[in-house]
Amino acid sequence: MNIILPLLSGFIAAVIGILPPGLINMTAAKVDFTDGRKRAMVFVLGALIIIFFQTYISVIFAQYINSHQEIVVLLREIGLVIFSILSIYFLFFAKKPKLKAADSLHLKSKRSRFFMGMLISAINFFPIPYYVFVSVTLASYNIFTFNSLSIYSLVFGVVLGSFLVFYLYVLFFTKMKSKTDYFMQNMNKIIGIITGIVALFTLYNVIKYHL
């Protein structure tokens with residue numbers, strides 16, 4: 001359990017967090033479109049290195065939070081509100097996203113795609129609070145414990161999940177644009193269902209704690 005569950009949990013969390021089109025995965029697709037698969041993989045490698053450190057820092061910070069139970073309960077209640085709002089928003093109010101064509105993304109530097117991947121990943125601060133919340137939530141369900149083996153398993157799972165999403169963007173963006181457009185049209189429903197399920201689990205644990 002100290003290896004498999006944290007690994008799978010990190011993998012799934014990364015796929016959910018990175019699957020929606022963002023700066024990193026769209027830029028990876030653009031690099032593949034303009035410079036070829038090899039350079040795109042170099043770009044992805046640079047991004048993954050930063051993601052590794054961001055996730056590790058997040059888990060260490062989550063370890064401190066987890067040692068203060070009152071903070072865990074507060075975060076769980078805040079998470080319930082946030083996921084409920086997100087679920088309602090994505091299911092009923094969010095507009096259908098429009099996928100930008102690969103040609104609309106402009107890349108200036110061609111010298112080092114590796115450092116470009118590191119830079120773009122480094123300016124994206126969303127993973128830190130996201131993986132803090134993921135780590136604390138998994139720990140509250142006894143899926144994850146804050147020991148070295150579990151921590152590195154979770155981080156490695158995040159890196160694997162991130163790589164899979166980036167690679168799928170690189171591999172299928174130009175070849176399967178019609179299917180990508182269909183997926184994008186239903187992205188809001190997918191995210192809304194996922195956040196709704198998480199909200200229900202969180203509600204159950206909040207009620208269970210206060211009873």
Answer yes or no: is there a residue in the stretch 92-110 that is farther than 27 Å from I49 by Cα, open to solvent by less than 30 Å² (accessible area, probe 1.4 Å), modelled with pLDDT under 80 and not in a helix (DSSP H, G or I). yes
Name the residue, out of L119, L138, L171, that is modelled with pLDDT of 70 or more, in a helix (DSSP H, G or I), over 18 Å from I24 (Cα atoms) and not aromatic (F, W, Y). L138
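Could you list, in sequence order, all residues of the stretch 24-50 that are aliphatic (A, V, I, L, M) and open to solvent by less than 40 Å² (accessible area, probe 1.4 Å)?
I24, M26, A28, A29, V31, A40, V44, A47, L48, I50
The values are calculated or read from the model by the stated rules, or taken from the named source; none is laboratory data. Predicted model, so just to flag it, every value in this text is computed and none were measured. Surface accessibility is based on the protein's heavy atoms, side chains included, excluding ligands, DNA and RNA. Shrake-Rupley method; radii C 1.70, N 1.55, O 1.52, S 1.80 Å.
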